[in-house]
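A.B. asks: Would you mind keeping the following structure in view while I ask a few things?
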Amino acid sequence: MSKSVAVPPTSVSRAGPKVGLVSLGCPKALVDSERILTQLKAEGYDISPDYAGADVVVVNTCGFLDSARAESLEAIGEALNENGKVIVTGCLGATPDLILEQYPSVLAVTGPHRYEQVMSAVHQVVPPRHDPFVDLVPAAGVKLTPRHYAYLKISEGCNHRCSFCIIPHLRGDLVSRPIDEVLREAENLVNGGVRELLVISQDTSAYGVDLRHKGAEWRGRERRAHMTDLAGALGELGAWVRLHYVYPYPHVDDVIPLMAEGKVLPYLDIPFQHASPTVLKAMRRPGNQEKVLQRLAAWRRDVPDIAIRSTFIVGFPGETEEDFSLLLDWLKEAQLDRVGCFRYEAVDGAPANDLPGAVPEEVKEERWNRFMAVQQEISMAKLDAKVGRTLEVIVDEIDPEDGAICRSHADAPEIDGNVIVEEPTRRLRPGEIVRVTVDEAGEYDLFGHLADQN
């Protein structure tokens, strides 16, 4: 979970109502914060970089894990202490009684993606002072990411009922955005300088199911509200396209040719969560991991450089040593590129809380360490294999001490590794795409020199 005080790019300064915004949680919540900021700017509000300068503070919360709830409540308390006028939104806002019991002075509480309610609450505290000659909002909206990449949220909610998750309770069932609306936003982002689009949702593979894949015209062609049509259309924009939160449905195979053609980055973020059929059944997750291994092999045959990222949970209720050993064996065979692992944490309201066989905390910790040791060996071998190769990378930032911090096709921002050019032979700019020859591999990062000398 990440926390940031939202400060969009500098705009024309003037005396006017100011709103502070604290953004917590995942990239999907970050997009919600960007939409709130865009609407605030469109209505003439300035954004305060600190509590003291704000007329009111909006806290966009996370409520998925108990630890995230605790951090959100702490952030609300901090905003109240520092400012006094606070509006709460986001996932934790789906449980207003919890917030108001601890902080009865909060001005308003709204659930996730309730932008109109947030704006209504802001209006009640401090009315807008709109100046149409000054308040110019770019077509791409206000973004909290660096200028060269942006998250593109294609849907809200989820139709799955995983036993460890309360997202459907917080955000509801799947609601997909019309495909022409998504593509127009993507086009505006690219026209505004974005070089990488990160497609996010709760379940990217299910995009358009609720719309019965209803089509719409874009650039003179009919496009279905379907993952493959969307990926193909985004690939026409000339930016990197990275797919996150992909469930391994059969039609994911249809995206692989787009990767082979260079239209979509050879990268899939697939939350496998476990490999034991018993544990997956208890999680209410699909459980044919042998079939998954076959598909991974087929994907790598067609796109040898494809990078697979995933997340796993250890210590789930009922997980035995045999289940865990099966997971480690599967991990060794799957040879995934990027992996995150979480110790199971009970989530208030999740069905998994009622499952028997709670795993002691010390066992969770021991299994987590064993899991990470196995994956670390796999990851290091994969990084070592890239030494001597020349990779296309995007420049994220220029650090005076470390040099150019870049990412390859295999690296998503914030969660994966970097490709570092310590002494670039020419001046580089964030968002620039260059070629780097890898000289050395570290635990998580690659180090190299510019292959393009001109």
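A.B. asks: One residue is enough: does segment 234-242 have a residue meeting the conditions in contact with a helix residue (DSSP H, G or I) (Cβ under 8 Å, 6 or more places away or on another chain) and either open to solvent by 40 Å² or more (accessible area, probe 1.4 Å) or among the β-branched types (Val, Ile, Thr) (or both)?
C.D. replies: To start, the set of residues in segment 234-242 that are in contact with a helix residue (DSSP H, G or I) (Cβ under 8 Å, 6 or more places away or on another chain) comprises 234-235, 237-239, 241.
Retained after the next criterion (residues that are either open to solvent by 40 Å² or more (accessible area, probe 1.4 Å) or among the β-branched types (Val, Ile, Thr) (or both)): 238, 241.
Yes.
A.B. asks: Which strands (runs of 3 or more DSSP E) does segment 358-427 wholly contain that include 2 or more residues that are surrounded by 20 or more Cβ atoms within 10 Å (Cβ to Cβ) and more than 23 Å from the chain's Cα centre (by Cα)? Please lay out each step first, then the result.
C.D. replies: Numbers: elements: 390-399, 403-408, 419-421.
It comes to none.
A.B. asks: On the basis of being buried (at least 18 other Cβ atoms within 10 Å of the Cβ) and out of contact with any strand residue (DSSP E or B) (no Cβ under 9 Å at 6 or more places or on another chain), does residue 89 make the cut?
C.D. replies: no
A.B. asks: If I filter segment 102-124 down to residues being of a type in the set (Gly, Ala, Ser) and within 13 Å of residue 85 (Cα to Cα), which single residue comes out as most open to solvent (accessible area, probe 1.4 Å)?
C.D. replies: So, considering only residues that are of a type in the set (Gly, Ala, Ser) and within 13 Å of residue 85 (Cα to Cα), the one most open to solvent (accessible area, probe 1.4 Å) is 105.
A.B. asks: Within segment 183-214, which residues are in contact with a Lys or Arg (Cβ under 6 Å, 6 or more places away or on another chain) and open to solvent by less than 30 Å² (accessible area, probe 1.4 Å)?
C.D. replies: Selection gives 193, 198, 200.
A.B. asks: While we're on this one: Just to verify a result, which residue in segment 258-271, among those that are without any contact (Cβ under 8 Å) to a residue 60 or more places away in the chain, out of contact with any helix residue (DSSP H, G or I) (no Cβ under 6 Å at 6 or more places or on another chain) and crowded, with 21+ Cβ neighbours inside 10 Å, is farthest from residue 239 (Cα to Cα)? Before the answer, list the steps.
C.D. replies: As a first pass, look at segment 258-271 and keep what is without any contact (Cβ under 8 Å) to a residue 60 or more places away in the chain: 258-264, 268, 270-271.
This time we only want the ones that are out of contact with any helix residue (DSSP H, G or I) (no Cβ under 6 Å at 6 or more places or on another chain), so: 259, 261-263, 268, 270-271.
So of that shortlist, the ones also crowded, with 21+ Cβ neighbours inside 10 Å come out as 259, 268, 270.
Values: 259: 13, 268: 17, 270: 22 Å.
Per the stated criteria, the residue is 270.
Rundown of residues vs (1) modelled with pLDDT under 90; (2) among the hydrophobic types (A, V, I, L, M, F, W, C); (3) within 19 Å of residue 180 (Cα to Cα), yes/no style:
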residue	(1), (2), (3)
191	yes, no, yes
220	yes, no, yes
223	no, no, yes
229	no, no, yes
239	no, yes, yes
264	no, yes, yes
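A.B. asks: Restricting attention to segment 428-440, report how many residues are aliphatic (A, V, I, L, M) and either more than 22 Å from residue 239 (Cα to Cα) or open to solvent by 40 Å² or more (accessible area, probe 1.4 Å) (or both).
C.D. replies: 2
The values are calculated or read from the model by the stated rules, or taken from the named source; none is laboratory data. If you're wondering where the values come from, they're calculated on a predicted model, not measured in any experiment. Note that each Cβ is placed from the backbone with ideal geometry, even for glycine, and that neighbours are counted across all protein chains shown. Ligands, DNA and RNA are excluded from the accessible area calculation, which covers all protein heavy atoms including side chains. Shrake-Rupley method; radii C 1.70, N 1.55, O 1.52, S 1.80 Å.
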